[in-house]
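All of the numbers you see were taken from the coordinates with simple rules; none came from a lab. Being a predicted model, the structure only gives us computed values, none of them experimental. Neighbour counts run over all protein chains shown; Cβ positions are idealised from the backbone, glycine included.
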Amino acid sequence: MKMNVLICDDSGFARRQMARCIPDQWEVEISFARHGQEALEMIRAGKADLMFLDLNMPILDGYQTMQIIKEQDLPTMVIVVSGDVQPEARKRILALGALDFISKPIDNIKLTEILNQYGIYSGAATSSQNQSLEIISEDDRLDAYREMANVAMGRAGEQLAKLLNEFIELPIPNVNIIESSELRMAVFEIQQNDFVSAVSQGFISAGINGEALVIFNETNFENLVKLLRYKQQKVNEQLEIEALMDVSNILISACLNALSKQLNVHFSQNHPIILGRHCDLSNLLERNISRWNKVLAIEIGYSIENQDINFDLLLLFPDKSSKTMFDRLISLNE
């Protein structure tokens with residue numbers, strides 16, 4: 001008798017990746033959902049004996065979906081598959097009733113071990129090639145970039161959580177290909193305050209280069225300094241700069257490390273610099289990337305739970321680099 005398997009993820013690229021990891025010998029009927037609301041409807045329709053569930057999704061995220069499954073005692077087993085690898089994320093989702101947690105990108109052997117552990121599947125770790133990763137539209141292309149950024153975002157969030165001993169709230173990455181002249185409009189939503197502080201760091205690899213910027217929306221530096229547990233707690237200019245650099249180093253290094261693993265490249269990083277403190281963001285960015293015509297812009301808004309602290313990581317790739325990166329991503333996943 002076939003098992004009904006539901007893959008719930010807002011990314012079509014991630015859904016196809018997950019489907020390709022399903023062992024060939026496992027007799028299953030696979031269905032897909034783009035967010036928690038669709039998943040709940042399919043569970044109630046009997047299409048989810050087992051569900052692979054993402055955490056960061058629109059409409060209903062993974063936590064909200066698990067809460068409803070628990071409250072209504074809906075008939076499904078859940079294995080969470082997420083780029084958010086914070087220990088606290090795992091703890092919270094298991095407390096809501098998930099069987100287990102697998103980090104993205106999927107490891108076929110790890111998946112099979114978990115399925116064997118719970119008596120769901122007892123065969124070998126052979127992956128299916130029935131799901132194509134063919135990219136047929138610009139939206140598909142952006143979706144692939146977004147999923148790549150989602151994994152990188154999660155690794156950076158994990159490192160930041162360890163540094164600050166706090167839970168980091170992670171968004172759905174905002175990904176666009178834009179003309180550099182359009183950058184002012186593209187970053188309008190990032191600049192929630194009149195002035196910001198920003199740290200920049202360039203990076204380069206074979207055929208891929210770019211710039212990472214960490215943008216602080218006039219964050220509460222006093223609280224940030226407390227979380228960083230510096231010996232000196234009184235905020236002055238020097239300590240503010242040190243806090244900016246420490247947080248930026250964690251976010252940028254962890255993100256680039258995760259990107260390098262997904263693309264099988266090694267990034268060399270320039271020394272980080274303070275682009276500006278308490279200045280206008282759009283003018284600052286226009287000056288900084290005016291040398292590029294078209295850019296892939298990946299924006300990730302991090303916030304610290306129960307703290308008045310937030311900052312954005314902006315990854316910028318010139319058009320030629322983004323195309324090289326995309327080609328590598330697809331070839332390594334085929």
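In this rough spin-label picture, where each label sits 7 Å from Cα along the Cβ direction, the N165-N223 distance is 1.8 nm. Treating r as the C-beta distance of I68 and N293 and R0 as 45 Å, the FRET efficiency rounds to 0.45. For segment 138-332, the number of Lys pairs with C-alpha atoms closer than 29 Å, counting only pairs eight or more positions apart or on separate chains, is 10.
Here's how it looks for G202: its modeled amide H is under 5 Å from those of A212, N270, which are all 5 or more places away or on a different chain.
Approximating the spin labels as points 7 Å out from Cα along Cα→Cβ, the E138-to-Q25 distance works out to 4.7 nm.
Amide H contacts of L60: G36, Q37, each under 5 Å away and 5 or more positions distant or on a separate chain (H built 1.01 Å from N in the peptide plane; Pro and chain starts excluded).
Here the relative contact order of segment 3-117, from alpha carbon pairs under 8 Å that lie six or more residues apart, stands at 24 percent. A Förster radius of 30 Å combined with the Cβ-Cβ distance from A45 to N257 puts the calculated FRET efficiency at roughly 0.15. Here the peptides 257-265, 221-229 are ranked by packing, the mean other Cβ count within 10 Å, and the order with the highest first is 257-265, 221-229. The slack in the chain from S268 to N306, taken as 0.36 nm per residue of separation less the alpha-carbon distance, amounts to 10.2 nm.
Based on the Cβ-Cβ distance of D107 and K234, what FRET efficiency does E = 1/(1 + (r/R0)^6) give at R0 = 45 Å, to the nearest 0.05? With a Förster radius of 45 Å, E is 0.45. Dimensions of the chain from C-alpha coordinates, computed as largest minus smallest value along each principal axis and given longest first, are 66, 42, 31 Å. Stretched out straight at 0.36 nm per residue, the stretch from D246 to E182 would grow longer than its current Cα-Cα span by 20.0 nm. Shown for segment 3-117: lysine pairs separated by 8 or more places, or found on different chains, whose C-alpha atoms are under 19 Å apart, numbering 4. Cα centroid separation, segment 214-276 to segment 13-52: 38 Å.
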